[in-house]
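A short write-up of the structure that comes next.
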Amino acid sequence: MNKILKYLALPLLLVSLAACNGDNDGSSSLPVEIQTDWTIEEIDLMHSILRSNEEIPFHEIFVAEGNEYSIIRHSEVDKISAELYLPEKMLDSLGEVYYDPLDDLELYKDFCLDKHGYVLHAELSNLEEHDYHLSKVLNSGIAHVDVEIVLEIYMSLGYLVVDGYNVTTYTTTFWPSKDNLNDHSYDDEFASLNEVLSLQEEVIPSLVSNTKSIPMEVSYLHKMYRGQEAVEMSIETTDANLLINYVDDLLSSTRYVLDAQNSTVAYDDYYSEIDSVDIFLFKEQVNHCYKILFVHYW
């Protein structure tokens, strides 16, 4: 269930309006505090989702006169959102645009790039629609673990939306079950494949062989997939029977069935109705690299 905090933004023009008040009765106006950052409660909420005490960057457009913003925690998919209502495009008497909400979106996007060290990924963005995918690398503090913070910036139904979440990549030379990680003395914070998706270890079975003798390089990426929590795994190995054996293991586990309706030319879909998990096995391998996508539905 999402936790929503909603605030009516503080008007930035109050100070200047007070200074320009035509009623000069000799009395002094009380100073007006202008919001320059998220509230303590909002910051704590962001830190509960984003690693390394990171926050969605605050900008003064969130508290411009008349604006209203919300901070929303999507706890089921480890995502935090800042949503800011922006006025519609405004025209003057000559039909010229004097306000466009997309200008504020572009302003905020450039602010994140120039002031907060984010990088724009054009291949993951829709530039024509002003939908932007930004990221920056964080220090995970754990060996073989890389963490990025991602911002997705876009307009939706009159709102400027900024989604923030982490993408974490784990790398091993074996199938990342908890037993194997323990045998190799990996850090306790190094999550197994099932742990990343908050599943019991038996839900996603290990490879049939599950031995340390198979030469492999494994990287698995904790990410969002169509609004769901997912892991994208790449396995580099010369074992040509790897996925064939894995399919046998999936089907013999009695948890999974082949979902022919949702399978495609590119991948086969194996679905567990018990656990609400899809395992997409991609058929084409490139340079002995096989791709698997695990999606856990909430």
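Observations on the model:
- Residue among LEU221, LEU181, LEU138 that is farther than 27 Å from ILE80 by Cβ and not charged (D, E, K, R): LEU181
- Among residues of region 275-294 that are part of a strand (DSSP E or B), those with a Cβ under 6 angstrom from a residue that is surrounded by fewer than 18 Cβ atoms within 10 Å (Cβ to Cβ) and among the charged types (D, E, K, R), sequence gap 6+ or separate chain, pair up as CYS289/GLU236.
- Complete set of residues in region 237-293 that are among the charged types (D, E, K, R) and within 26 Å of the chain's Cα centre (by Cα): ASP268, ASP269, GLU273, ASP275, ASP278, LYS291
- Top-ranked residue in region 115-147 [being at pLDDT below 95 and either crowded, with 16+ Cβ neighbours inside 10 Å or not assigned by TED's automatic domain parsing to the domain that holds MET46 (or both); ranked as farthest from ARG226 (Cα to Cα)]: ILE142
- Any hit, region 63-79, residues being within 13 Å of the chain's Cα centre (by Cα) and among the polar types (S, T, N, Q): yes
- Residues that are surrounded by 19 or more Cβ atoms within 10 Å (Cβ to Cβ) and in contact with an Asp or Glu (Cβ under 7 Å, 6 or more places away or on another chain), drawn from region 152-165: GLU152, LEU160, ASP163, TYR165
- Verdict on ASP248 being of a type in the set (Asp, Glu), touching a residue at least 40 places away in the same chain (Cβ under 8 Å) and part of a helix (DSSP H, G or I): yes
- Candidate set from region 101-114 (those that are charged (D, E, K, R) and exposed (fewer than 15 other Cβ atoms within 10 Å of the Cβ)); member that is farthest from VAL147 (Cα to Cα): ASP103
- Residue match in region 229-238 (condition: free of Cβ contacts under 8 Å to residues at least 24 places away in the same chain and assigned by TED's automatic domain parsing to the domain that holds LEU181): no
- Test: residue in region 18-27 that is hydroxyl-bearing (Ser, Thr, Tyr), at pLDDT below 95 and surrounded by 11 or more Cβ atoms within 10 Å (Cβ to Cβ): no
- Condition check for TRP298 on (1) in contact (Cβ under 8 Å) with a residue 24 or more places away in the chain; (2) surrounded by fewer than 16 Cβ atoms within 10 Å (Cβ to Cβ); (3) more than 25 Å from the chain's Cα centre (by Cα): one failure, at (3).
- Region 44-89, residues that are closer than 21 Å to LYS136 by Cα and loosely packed, with under 15 Cβ neighbours inside 10 Å: ASP44, HIS47, SER48, SER52, ASN53
- When we screen GLU195, GLU189, GLU217 for residues that are of a type outside the set (A, V, I, L, M, F, W, C), at pLDDT 90 or above and over 19 Å from the mean Cα position of the chain (by Cα), the only hit is GLU217.
- Residue within region 80-90 that is basic (Lys, Arg) and in a helix (DSSP H, G or I) present: no
The values are calculated or read from the model by the stated rules, or taken from the named source; none is laboratory data. Quantities reported herein were computed from a predicted structural model and do not represent experimental measurements. So basically every Cβ, Gly included, is an ideal-geometry build from the backbone, and we count neighbours across all protein chains shown.
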